[in-house]
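Here is the structure we will look at, set down as structure tokens.
The values are calculated or read from the model by the stated rules, or taken from the named source; none is laboratory data. From a predicted model like this one, the values you see are computed outputs, not experimental measurements. Cβ sites come from the backbone with ideal geometry, for glycine too, and all protein chains shown count toward neighbours. Ligands, DNA and RNA are excluded from the accessible area calculation, which covers all protein heavy atoms including side chains. Shrake-Rupley method; radii C 1.70, N 1.55, O 1.52, S 1.80 Å.
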Amino acid sequence: MQTCSSRTVAMLAILALCQVAQAQLLLTIDASSPAPDPVSGQLKMGSATSPAGRALGANNQYLTRDGRPWLPVMGEFHYTRSPADSWDAELAKMKSAGIDIVASYIIWNHHEPRDGQFEWGGNRDLRRFVQLARKHGLEVMVRVGPWVHAEVRYGGIPDWVVGTMPTRRDDPQYLRVAQRFYRQIGRQLDGLLWKQGGPVVGVQIENEYNLSGPGRGADHIRTLKAMAIGAGLDVPYYTVTGWDRALYPAGEVMPVFGGYADEPWSAKKEELPPKETYAFRFDSRVSGDLGAQTRGTQKGTAETDIGATPFLGAEYGAGLPAMYRRRTLVTPDDVAAMLPVQLGSGVNLMGYYMFHGGRNPVGGTTLEESTRSGGYNDTPAINYDFNAPLGPDGQQRPVLAALRPFHYFLNDFGALLAPMTVRKPALAPATPTDLATPRFAVRSRGDAGFLFYNGHVRQYETPHQRGVRFAIALPGGTLTLPRKPLDIPAGSYFVWPLNLDMDGHRLRYATAQPVTRLDQGAAGSTWVFAAQPGIPVEFQFDGGVRACLASRPGKAAEVAAPQADVVVEDIAPGLDAAITLRCAGKRPVTVVVLSAEQARRLAVGQVEGQRRLVISDSQAYFDGGRLVLRSAGTAQLRAAVYPALPARVRSSALLQTTGREGIFQLVQASVPEQAIATSFKPVREAQAAAPIRIGGHAKAALQPDPEAFGASAAWELDVPRVLPRGVDGVLLDIDFVGDVARLFDGTRMLDDWYYNGQRWQFGLANLPSGGKGPLTLTVLPLRADAPIYLPREHRPDFAGQAQIARLRGLKAVPVYRVDIGR
């Protein structure tokens, strides 16, 4: 640790000037002031202690669990938009991805389509969904509305309510029917609340509420909270969404926030300016426009409530929906790069919307948000894919692999991070459009902390930062890292540790991101880090580890600093032990540094009674102590596992061990390969599509009227209606280009899709039994003059034609599954 006589910003600036001659970019932060202590008692939450004595709490900085800081990861999954027989596996996948809390809207018009006739069975069985969440060790946040948005018709309020009374205010008639709905929810959840030993830890009241005036505003939220408590919904946490000038009674609820990589609700037909979700925030929590359908007319409560509530997130977009006028498609980096920014800005609940895609139920009417029913946006009638980490049929999307290392980091290190204070650098970008100034922040308490960096901004080039070192003034002195200046490639984003206690060994810093820690009892612990592409890996320990450094494989070298600290550098990422520390009186510590690609293939979970690391190209998750490998289209499933699986598991007829790589055991399983034939034949050619109309609240492109779909091209599909034995599912992969595609069983629409360049998949398990007719695919032509936004890389080549509607390919992809363990 390099120290200086002064901890002031002025001295750091002098130090920076001294480095100029050496062509270094010294990035400085003063983190020497004491972190403020949390303040408790100002938040009026509900019953917070379980029958077993487990306690949840909240102060003005962070959530607590059994008195310790708690920084959970929350993911949205709408049970009514997924088949009930899939919930068990899908919740296991979410838990395995590092999710701690599953959140779900309880969408009123999915449960009470007709006055007084409630539906709580089948895909609407809230109670069973929550019970399965408990089975998989997930807590539950129910978002009860009554208005939820959720891209659903009338924001979820039933037609029979909308047409007969005022809504979203303290109108007696509205409150009576809303209270009846709340009471129904209370009955469904009775026995499943935290205070009853269940997993339900929170209730979100309303959504995006910024309405003021008589019977509205904070008083209405106060009324709804009292109604929820009266319905039996007594929980540790009550929340409201805090963006777009939200109004709520301070102290009665906690605001939650969000941010998205793009704005599919925008009326713009071109790329947006750089989004502030990629810029660190040091004095605010609201991250721009989040698509609320109403506009506030006064300053929101969240802006004045910052000092009293923790910074909680509920809607950081893990994907984005395709809306008719604007069809965004984000990359894994577009989403994952938001995490260092949000965490480095002080977020202490990382909540996603959506984490799992789905499909709208269809009843007497379709239930999507649309301009025809007065909505601001036009969304697909059925499909709610959202480009989410887990697709509607449980597919693992590439974004999930990019997010998991951050989730595992929060699972294992969130308790350290939660009480840490945000520290602003001496030089920070003035606006989100400033792409030249490096973007970084520190969160620290005492001498311990984490450095957060982001160089990725969706759809914009950022500079390659050369000769970079960081100087962080801490109470114990200035920590300067790394030992030698390094180049940070454009687009990099990461979290690095500062003065991390590794089981009694002080890691001064690492130029690699901590991911997870395995506690192996008397055998010691294994710490996993992830390298970033193009950045050399360097660890600096205090000098006490010199006699303990048992292994330094590869080109690793030890360098003595003036204070006799130890630097291990030039570490080649891989599956071997990069560093091993064996000190008398302390448990051994093994450090593994994975490449960025290996870290994205990593899953961490319980197999055969022990927490293990699994690296696989397959979708890997954990269920009941078993490792599940699932692969679309590949009948050979491979994995690297650490610690090694027990001999009785390795000796199964299905599983083979194929050797070792580093400390990992290599295993593979082969299942019989299935060839599933598909074909299609044209039914009718496309006709000239009508010009797209402009209108609605957004004064933008409107979804075509029903009659316009008569111009669609159509094909009859020959696909198996009965799934072959030996597969976990079959995905119908539809490669088309056009405007809107629809899949029909006879005249019943099964799914629909707006073309945006993303591949459309439909699980054949969703086909209804006793089909009503041939499967038919229709594609409405996309006009070359369509006033809609498509990502430039996915806009079709019209080759001089006025419109395009093509089915380029169709295939059935078998999904193979292997369960390892018992």
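Rg and Dmax of the stretch 243-337, based on Cα coordinates, read 14.3, 41 Å. Counting only residues at least eight positions apart within a chain, or on another chain, the aspartates and glutamates with an alpha carbon under 17 Å from that of LYS195 are ASP66, GLU139, ASP234. Rolling a 1.4 Å probe across all protein chains gives VAL39 an accessible area of roughly 80 Å². Here the scattering of the stretch 677-822 is modelled by Debye summation over its C-alpha atoms, one equal scatterer each and no solvent; at q = 0.14, 0.20 Å⁻¹ the log10 of I(q)/I(0) is -0.72, -1.25.
In this entry, the stretch 106-209 is assigned a mean projected area of 6.8 nm², taken as a quarter of its C-alpha convex hull surface.
Protein heavy-atom accessible surface, 1.4 Å probe, per residue over the chain: 35 Å². In summary, the lysines within cross-link reach of LYS484, defined as a Cα separation below 19 angstrom excluding same-chain residues under 8 places away, comprise LYS555. Full extension of the chain between ARG546 and TYR460 yields a length gain of 26.5 nm, computed as 0.36 nm times the residue separation minus the alpha carbon distance. Determine the shape class of the stretch 394-446: with a ≥ b ≥ c the square roots of the Cα gyration tensor eigenvalues, call it rounded for a/c under 1.5, and otherwise prolate if a/b is greater than b/c, oblate otherwise. Cα axes put the stretch 394-446 in the oblate bin.
Could you work out what % of the accessible surface of the stretch 52-159 is carbon and sulfur, using a 1.4 angstrom probe and leaving DNA, RNA and ligands out of the count? Looking at the stretch 52-159 in its full context, I get 43 percent from C and S.
Over the chain, DSSP H runs of length four or greater, each weighted -39,500 (n - 2.57), average out per residue to a 222 nm ellipticity of -4000 deg cm²/dmol. Figure note: LEU723, LEU416, LEU339 ranked by solvent-accessible area, largest first, 1.4 Å probe, ligands and nucleic acids not counted: LEU416, LEU723, LEU339. Length gained on full extension, GLN668 to ASP37: 222.1 nm, using 0.36 nm per residue less the C-alpha separation. Averaging Cα coordinates gives a centre for the stretch 79-129 and one for the stretch 204-222; these two points are 26 Å apart. The alpha carbons of the chain stretch over 78, 65, 61 Å along the principal axes, in descending order. Between the C-alpha center of the stretch 495-528 and that of the stretch 26-62 there is a gap of 24 Å. With viscosity set to 1.002 mPa s and temperature to 20 °C, compute the Stokes-Einstein D of the stretch 151-293, Rh being the Kirkwood radius across alpha carbon pairs; µm²/s, no decimals. Translational diffusion coefficient: 125 µm²/s.
In terms of the mean number of neighbouring beta-carbon atoms within 10 Å, the peptides 298-310, 792-804, 499-511 order highest first as 499-511, 298-310, 792-804. Among the protein heavy atoms of the stretch 693-822, carbon and sulfur supply 47% of the accessible surface, probe 1.4 Å, non-protein parts ignored.
In the stretch 279-433, the portion of solvent-accessible area held by carbon and sulfur atoms comes to 54 percent [1.4 Å probe, whole percent, DNA, RNA and ligands not counted].
Would you work out if the stretch 285-388 is rounded, prolate or oblate? Take a ≥ b ≥ c from the square roots of the eigenvalues of the alpha-carbon gyration tensor; rounded if a/c is under 1.5, else prolate when a/b is larger than b/c, oblate otherwise. Since a/c reaches 1.5 but b/c is at least a/b, the shape of the stretch 285-388 is classed as oblate. Classification of the stretch 656-751 by its C-alpha gyration tensor yields a prolate form. The axis ratio a/c (a ≥ b ≥ c) is 1.5 or more, and a/b outweighs b/c. Dividing the alpha-carbon radius of gyration of the stretch 451-507 by the rule-of-thumb value 2.2 N^0.38 Å gives 1.36.
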